[in-house]
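Here is the structure we will look at.
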Amino acid sequence: MTAIDPTAHLTAEQIEELGRELDAIRDEVIAGRGEKDAAYIRKVIKAQRTLELVSRGVLLFSIFPPAWLIGTAGLSVAKIMDNMEIGHNILHGQWDWMRDPKIHSTTWDWDHVSPADQWKHSHNQLHHTYTNVIGKDNDLGYGIMRVDEDQKWHPFHLGQPLWNFLNACFFEYGIAAYDLELGKNLHKRRRKNPEFRARARAVGRKIRKQVLKDYVIHPLLSGPSFLTTLAATFTANLVRNLWTHSVIMCGHFPEGVQVFERRSIKGETRGQWYLRQMMGSANISGSKAMHFMTGNLSHQIEHHLFPDLPSNRYAEVAVKVRALFEKYELDYVTGPLPKQVYSAWHKVFRLSLPNKKPKVTTPDRERELAAA
């Protein structure tokens, strides 16, 4: 929705050729999946479970400061691994080809208050289909923020840096609320909808399960370390939420990432869909450890192009994808984590204020933005 379309120089034929080249990259990876990839995810799951078990064991003695620090750090990393490199990617179906019922998108449960089936609907089906389309993709700003200059400003938006910070601290609950589409379902008549009530009960059961595990059973097992273990678990969840929120913000919100109008995707071809994913996503540069701890969502562009490819293959795919950006003269938005986090938050603050200059919009665009 920027004034200057960064893809305007591409012809329709070039866009479809780009799509064919991306399809070829995907087909090559699919044909090459094998035991090495399967061994990778099994190794990661084993490492995560071992780290969590050891960390929770150390926290049984969390009344002693060294044990608290070591246990809390280990549990924080274990929770990040569970959500990012394991849960997120398994629920995308990246490992379904293994036909392992224990590592499958239809059976996996994760350390999260959002039920897996609800998350798969809101994330896999909605967000990945309508990436950065205002009014269709609530994952962009999670329905509570102004994300583009063309959206009408209201005084409410002055608080969006605060809303965003609170959302970051309690991110897993924000995701659960987003999955329930609370913004439109809080209306009295919608709350009585049987389908919504069933989904809300499922979220409630998942929250109770998580709270019981993290804040009742494990602290009780710690005996005299009850309070310190309680604090350690809360801290680990907070660290996981802040980290996850930061990574996801960097994927779609930094300056230079495009957003789109709903009418722009009508009749969208395969090539045009690919192009929207390229322009609506951003990467994080860094080490192998950085990529691993982000669940390889540091390769957000590649993930949005190929959400069902194994995450351990994104690094090799990124080299080929970046070459296509250069070939077609497109901007590959990437940068170190601090830079991308700053850019995303700068945009949050900038859009919390009214535009410095009035935007000239057509009646159709005004109606569409108002509906969003």
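Based on the alpha-carbon gyration tensor of segment 1-68 and its eigenvalue square roots a ≥ b ≥ c, which shape applies: rounded if a/c is under 1.5, prolate if not and a/b is larger than b/c, or oblate?
On the way: a/c = 9.60, a/b = 2.09, b/c = 4.60.
Judged from the Cα gyration tensor, segment 1-68 comes out oblate (a/c at least 1.5, b/c at or above a/b).
Looking at segment 35-178, the accessible area is 43 square angstrom per residue; that uses a 1.4 Å probe and ignores ligands, DNA and RNA. Simple spin-label estimate for TRP97 and LEU69 gives 4.5 nm between the two label positions (7 Å along the Cα-to-Cβ direction from each Cα).
I want to verify a result. In a Gaussian network model of the chain, Cα cutoff 10 Å, which of these has the top mean-square fluctuation: PHE64, PHE170, PHE349? Highest fluctuation of the listed residues: PHE64.
Cross-link partners of LYS192 among lysines, defined as those whose alpha carbon lies under 29 angstrom from its own and excluding same-chain residues fewer than eight positions apart: LYS120, LYS136, LYS184, LYS206, LYS209. Each Lys or Arg adds one and each Asp or Glu subtracts one; over the other residues with Cβ under 12 Å from the Cβ of LEU212, this totals +4. How far apart, in nm, are two points set 7 Å out from the Cα along the Cα-to-Cβ line at LEU53 and at PHE165? Simple spin-label model gives 4.1 nm for this pair. With the whole protein complex present, LYS192 retains an accessible surface near 130 Å², based on a 1.4 Å probe.
A 1.4 Å probe over all protein chains sorts GLU195, GLU172 by accessible area into GLU195, GLU172, starting with the largest.
Classify segment 68-142 as rounded, prolate or oblate, taking a ≥ b ≥ c as the square roots of the eigenvalues of its Cα gyration tensor: rounded when a/c is under 1.5, otherwise prolate if a/b is larger than b/c and oblate if not. The partial results should precede the final answer.
Working: a/c = 2.68, a/b = 1.33, b/c = 2.02.
It is oblate, given that a/c is not under 1.5 and a/b is not larger than b/c.
When both segment 159-173 and segment 15-66 are represented by their alpha-carbon centers, they are found 27 Å apart. Rolling a 1.4 Å probe over the protein heavy atoms leaves VAL54 with an accessible area of roughly 90 Å².
Residue order by solvent-accessible surface for LEU180, LEU220 is LEU220, LEU180, largest first, with ligands and nucleic acids left out and a 1.4 Å probe. For segment 122-139, 3J(HN,Hα) computed residue by residue from phi via the Karplus equation (6.51, -1.76, 1.60; θ = phi - 60°) reads 5, 8, 5, 7, 8, 4, 6, 7, 10, 3, 6, 8, 4, x, 10, 10, 6, 4 Hz, glycine and proline entered as x.
A crude spin-label estimate for the pair ASP117 and ARG270, with each label 7 Å from Cα along the Cβ direction, gives 3.2 nm. Using the Cβ of HIS291 as centre and a radius below 14 Å, the other residues enclosed give a net charge of -1, where K and R count +1 and D and E count -1.
With a 1.4 Å probe and all protein chains left in place, how much of the accessible area of the chain comes from carbon and sulfur atoms, in whole percent? On the chain, the fraction of accessible area on carbon and sulfur atoms equals 63 percent.
Compare LYS206, LYS152 by solvent-accessible area with a 1.4 Å probe and give them largest first, with all protein chains kept in place. Intermediate results must be reported in sequence, preceding the final value.
On the way: LYS206 20, LYS152 150 Å².
Ranking LYS206, LYS152 by accessible area, largest first, yields LYS152, LYS206.
Among the listed values [x] -0.29, -0.60, -1.20; [y] -0.33, -0.68, -1.31; [z] -0.41, -0.75, -1.11, the one computed from these coordinates for log10 I(q)/I(0) by the Debye sum over Cα atoms at q = 0.07, 0.10, 0.14 Å⁻¹ is [y].
Within the shell defined by Cβ-Cβ distances under 11 Å, the residues around ILE103 carry a net charge of +1, with Lys and Arg each +1 and Asp and Glu each -1. Surface calculation, 1.4 Å probe, protein heavy atoms: ASP139 sits at approximately 20 Å² accessible.
Among GLU255, GLU28, GLU149, whose mean-square fluctuation peaks in a Gaussian network model of the chain (Cα, cutoff 10 Å)? Residue with maximal mean-square fluctuation among GLU255, GLU28, GLU149: GLU28. Counting only DSSP H runs of at least 4 residues, each contributing -39500 (n - 2.57), and dividing by the residue count of the chain, the helix-based mean residue ellipticity at 222 nm comes to -17000 deg cm²/dmol.
Return the FRET efficiency for the residue pair GLU28, LEU212: r is the Cβ-Cβ distance, R0 is 51 Å, and the value is rounded to the nearest 0.05. Show your work: numbers first, answer last.
Details: r = 46 Å, r/R0 = 0.89.
It comes to 0.65.
The values are calculated or read from the model by the stated rules, or taken from the named source; none is laboratory data. Please read all numbers here as calculations on a predicted model, not as lab measurements. All Cβ positions, even for glycine, are placed from backbone atoms using ideal geometry, and neighbour counts span all protein chains on display. Surface accessibility is based on the protein's heavy atoms, side chains included, excluding ligands, DNA and RNA. Shrake-Rupley method; radii C 1.70, N 1.55, O 1.52, S 1.80 Å.
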